[in-house]
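Scroll down for the structure; my scribbles are underneath it.
Each reported figure results from applying straightforward, stated rules to the coordinates on display, with no laboratory input. If you're wondering where the values come from, they're calculated on a predicted model, not measured in any experiment. Glycine gets a Cβ as well: all are built from the backbone with ideal geometry, and neighbour counts include every protein chain shown.
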Amino acid sequence: MQLHNSMMADVLIVWPLEKRIDASTATEFKQKMSEWIDAGNRKIVLNLSEVDFIDSSGLGAIVSSLKKISGEGDLVICAVRETVMSLFRLTRMNRVFDILPSEDEAVRKLSGQL
Amino acid sequence: MTQTLTEILQKHNERIARQWAVILHEEGGVHYAGRPLNELIGTTSQAGKAYFAAIVHGDFSKVDAFIERICKLRLEGGFSLSEVQKAFEIYRTLLVPILVRELTDDALLSALEGLNACLSRTIFAFSDYFLNMANAQLIEKQRKLDEDLQAAAGIQQSLLPQKLEKRPKIEALDIAWKFKPCETIGGDIFNVIRLDEDHLGFYMIDVSGHGVPPALVTFSISQTLQPHMGYTIRRRPGLSPDYDIVSPGDVLKALDSEYPWERFEKFLTIIYLIVDVRNGRLIYSNAAHPPPPLLRADGSFELLEKGGTIIGMDGILPFEEEEKPFSPGDKILLYTDGVFEFTDDKGELFGEERFHSLVRNLKGLTIEKVLDEIVLSIENFAQGAKFQDDVSLMGIEFKERTMFA
């Protein structure tokens, strides 16, 4: 899967360049996120601007990443499309994830400026 | 002229048949190599005679009969289509040099045309026969699959509540249900389990997707929820009473760890509800299933909205529980989102709100009638279009306990 990543100060920005996070990509996604967390990244922004479908595997992979980092750091999600947002609402995941409208706000939140 | 061609074929036929058989035996592939040479000489001689009749006299009856025999013998015997077709190309490579040597001009041209016509006819006939054979095999395979699917659907039906007359009598409750998988078999399942004299458990499950894979998951979970499996009733040997009814939140928590998302890679939603008929109370928890409406006897309407996320997310959200009074005349509807997530021919969604307002207006009817009305409404909306998702509905009505004199 195409997973763009960049650093802004100490914040890692992960930007999946895929329409779907599903059974075919979830394992790779989970693996990559896990490597970044193991490498010491403690502030991660997940930009979902390109994603318009997430299945249970995709949701599970995001949840795994969140669980892995929790207690030691933060994972913030941003730029969520309406289709994915309604999935988050339906599965009540909007209560679990920190969701911000833009990447900029997400980075500021993790840098303690928001 | 004809005389000359006749003479050529008569003169060479036997030798060609022999050469043909030898080439087949040595270069025709594993299947021909596995046949005795004498058998091959037999068939190539027959072929030579049939082609003689066709090329010289224009009589194709022997060729057709021969083709049919070879189809049965070779294609049905497991030879590949290309093997059989190549075998007949050998005849061309043997005969053409002889014709070119012995004939000239028009005589040669007409002999070659005759030969080509015969071989085209043979090769096309093999293709047709092979295709029909493959089709017949596919149809047979499909028939078998359909039969298996029907049988599986029958087994899935057995996981639903039993017919009224066979069900253990549940005093104080009226239960009705509808089950309409959009294919033969589906990812919805629901049932009633008796937990003890006063408590009944109700569950409804929706596994994402259609067909066999989600259906197998429904089989597994239905099994897990059976009282003897320890998930819904916990044994406490030596204590009194010697069992505990597991609360809905704890049942969902156990399922959450038993069915992590990696196991089936499907969305799995479930609502689990326990009705205490003695005290007129209900308690439920919900794993991201659509919230059930509670229709009060006085006509008021509320949604049972507590719960957590889908099953398999490793306890990321707690499965909240809620307890409610359940009084005579009150009704509860459990359903999967297939009940409202479908569109009419203009692409308009039926939608959850329309569903709720439909249910609000169905007060004063028996639970059986309520379900009939819902199905009628969604069928009217869909205008005879096939449902895009499984549709499941289960209604529970609390009745006045009557004492018969």
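List of remarks:
- For the peptide A:93-100, the mean number of other protein chain Cβ atoms found within 10 angstrom of a residue's Cβ is 2.
- Protection proxy ranking of B:195-208, B:298-311 - average other beta-carbon atoms within 10 Å, highest first: B:195-208, B:298-311
- Rounded to whole Hz, the Karplus (6.51, -1.76, 1.60) HN-Hα couplings of region A:97-102, x for glycine and proline: 8, 8, 10, 10, x, 10
- Over region B:184-229, volume per residue of the alpha carbon convex hull, in Å³: 58 Å³
- For the protein assembly as shown, the Kirkwood estimate of hydrodynamic radius, built from reciprocal distances between every pair of different alpha carbons, is 29.1 Å.
- Scanning residues 5 or more positions from residue B:294 or on other chains, those with amide H under 5 Å from its amide H are B:302, B:303, B:304, with H placed 1.01 Å from N in the peptide plane.
- Nearest-ten-degree value, helix B:105-157 long axis tilted from longest Cα axis of chain B: 20 degrees
- Within the shell of other residues whose beta carbon sits under 12 angstrom from the beta carbon of residue B:251, the net charge comes to -3, with Lys and Arg scored +1 and Asp and Glu -1.
- The relative contact order of region B:151-398, computed from alpha carbon pairs under 8 Å that lie at least 6 residues apart in sequence, is 23 percent.
- Backbone amide hydrogens, once placed in the peptide plane, bring residue B:329 within less than 5 Å of B:398, B:399, B:400, excluding anything fewer than 5 places away on its chain.
- Dipole in debye (nearest 20) - region B:302-352, about Cα centre, beta carbon charges: Lys, Arg +1; Asp, Glu -1: 120 debye
- Residue of B:327, B:247, B:127 that the Gaussian network model of chain B assigns the largest fluctuation, springs spanning Cα pairs under 10 Å: B:127
- Residue by residue along B:272-278, Cβ atoms of other protein chains within 10 Å of the local Cβ number 0 on average.
- With a 10 Å cut-off around each Cβ of B:307-317, the average count of Cβ atoms from other chains is 6.
- Value of [θ]222 nm, deg cm²/dmol, for the protein assembly as shown, DSSP H segments ≥ 4, -39500 (n - 2.57) each, nearest 500: -15000 deg cm²/dmol
- HN-Hα J in Hz across region A:9-15 - Karplus 6.51, -1.76, 1.60, θ = phi - 60°, x for Gly and Pro: 6, 9, 9, 8, 9, 10, 10
- Along the axis of the charge dipole computed for the protein assembly as shown (Cβ charges of +1 for Lys and Arg, -1 for Asp and Glu, origin at the Cα centre), the listed residues B:329, B:60, A:26 are led at the positive end by B:60.
- Sequence-separation-based contact order of region B:2-132, relative, with Cα cut under 8 Å and 6+ spacing, percent: 28 percent
- When the Cα positions of A:73, B:104, A:45 are compared along the charge dipole of the protein assembly as shown, B:104 comes out farthest toward the positive end, with charges on each C-beta of Lys, Arg, Asp and Glu.
- Result for chain A in a Gaussian network model with C-alpha springs under 10 Å: among A:87, A:66, A:12, the largest mean-square fluctuation is at A:87.
- Amide H to amide H, with H built 1.01 Å from N, residue B:233 comes under 5 Å of B:246, counting only residues 5 or more places away or on other chains.
- When the Gaussian network model of chain B links Cα atoms closer than 10 Å, the mean-square fluctuations of B:85, B:388, B:157 top out at B:85.
- Hydrodynamic radius of chain B by the Kirkwood approach over all distinct alpha-carbon pairs: 27.0 Å.
- Neighbour net charge for residue A:79 - beta-carbon separation under 15 angstrom, K R +1, D E -1: -4
- For the protein assembly as shown, the Cβ-based charge dipole about the Cα centre amounts to some 960 debye (Lys, Arg positive; Asp, Glu negative; other atoms uncharged).
- Nearest 10 degrees, 0 to 90: helix B:367-382 Cα axis against chain B principal axis: 40 degrees
- Ranked by how many other beta carbons lie within 10 Å on average, peptides B:289-297, A:39-47 from highest: B:289-297, A:39-47
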